[in-house]
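Report on the following structure.
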Amino acid sequence: MSLVQSRLVASLRDDTDDPDTYLQRLQERVAYAGHPYLNRAEGTAGQRCRLTPQGLAKLHQKLLETSRLLLVIVGDSRCESTESAHHHGLRKLPRGSYKLKRCRSLLSRNRRLRITPRTLRQITFREYLARRR
């Protein structure tokens, strides 16, 4: 885990080396300030440095609760196979006590944000190709 962790930390620290990536991170801080969208899935270099195998196991245990999971079934699936999978897997997980918290709208916080609606004319693929010639 330490080799993978050190590579991830180095990658996260490199965000300030590339101007485009750095600008993207600054834009995220302004646009998503105080909103859960600001939390990146990769975490930060500081968070990754503090991560231990024990902490990771504890987080994994905490996240595997049915109150935090969403089951989506897509495609041609039989009820029997779905019920069987539920019986053998999901039913064994603890219920948990996670409650979804409502977050503020991004638009209500930032009063300086001005949205300008514009209509786009839809064109066919043939029209698009004709314009390119």
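The values are calculated or read from the model by the stated rules, or taken from the named source; none is laboratory data. Predicted, not measured: the structure shown is a model, and the values here were computed from it. Cβ placement follows ideal geometry from the backbone for every residue including glycine, while neighbour counts extend to all protein chains displayed.
Run Ala31 past the list (1) surrounded by 10 or more Cβ atoms within 10 Å (Cβ to Cβ); (2) within 24 Å of Ser11 (Cβ to Cβ); (3) over 19 Å from the mean Cα position of the chain (by Cα) and report the number of the one that doesn't hold. Of the numbered conditions (1) surrounded by 10 or more Cβ atoms within 10 Å (Cβ to Cβ); (2) within 24 Å of Ser11 (Cβ to Cβ); (3) over 19 Å from the mean Cα position of the chain (by Cα), the odd one out for Ala31 is (3).
Residues of segment 63-82 that are loosely packed, with under 10 Cβ neighbours inside 10 Å, of a type in the set (A, V, I, L, M, F, W, C) and part of a helix (DSSP H, G or I): Cys79 alone. Considering only residues of segment 1-28 that are of a type outside the set (A, V, I, L, M, F, W, C), surrounded by 10 or more Cβ atoms within 10 Å (Cβ to Cβ) and closer than 30 Å to Arg104 by Cβ, which is farthest from the chain's Cα centre (by Cα)? For segment 1-28, the residue satisfying everything is Thr16. Do we find that Thr52 is at pLDDT below 85 and hydroxyl-bearing (Ser, Thr, Tyr) in this structure? So Thr52 fails the test. Scanning segment 1-23 for residues that are assigned to a helix (DSSP H, G or I) and closer than 16 Å to Arg50 by Cα yields Ser2, Leu3, Val4, Gln5, Ser6, Arg7, Leu8, Val9, Ala10, Ser11, Leu12, Arg13.
This table checks each residue for (1) assigned to a loop (DSSP other than H, G, I, E, B); (2) without any contact (Cβ under 8 Å) to a residue 24 or more places away in the chain; (3) over 30 Å from Gln5 (Cα atoms).
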residue: Arg29; (1), (2), (3): no, yes, no
residue: Gly34; (1), (2), (3): yes, no, no
residue: Gln47; (1), (2), (3): no, yes, no
residue: Gln54; (1), (2), (3): no, yes, no
residue: Gln61; (1), (2), (3): no, yes, no
residue: Ser84; (1), (2), (3): no, yes, yes
residue: Tyr128; (1), (2), (3): no, yes, yes
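Which of the residues that make up segment 71-102 are within 15 Å of Gln61 (Cα to Cα) and of a type outside the set (D, E, K, R)? Residues satisfying the conditions are Gly89, Leu90, Leu93, Pro94, Gly96, Ser97, Tyr98. Being closer than 29 Å to Val9 by Cα, out of contact with any Gly (no Cβ under 7 Å at 6 or more places or on another chain) and hydroxyl-bearing (Ser, Thr, Tyr) is a property that Thr82 lacks. It is to be established whether one or more residues within segment 86-93 are under 19 Å from the mean Cα position of the chain (by Cα) and at pLDDT 80 or above. No, segment 86-93 contains no residue that is under 19 Å from the mean Cα position of the chain (by Cα) and at pLDDT 80 or above. What's the total number of residues in segment 86-99 that are of a type outside the set (Ser, Thr, Tyr) and either in a helix (DSSP H, G or I) or within 30 Å of Val9 (Cα to Cα) (or both)? Within segment 86-99, residues that are of a type outside the set (Ser, Thr, Tyr) and either in a helix (DSSP H, G or I) or within 30 Å of Val9 (Cα to Cα) (or both) number 6. Screening Arg114 with (1) closer than 30 Å to Glu65 by Cβ; (2) over 23 Å from the mean Cα position of the chain (by Cα); (3) at pLDDT below 75 gives one miss only, at (1).
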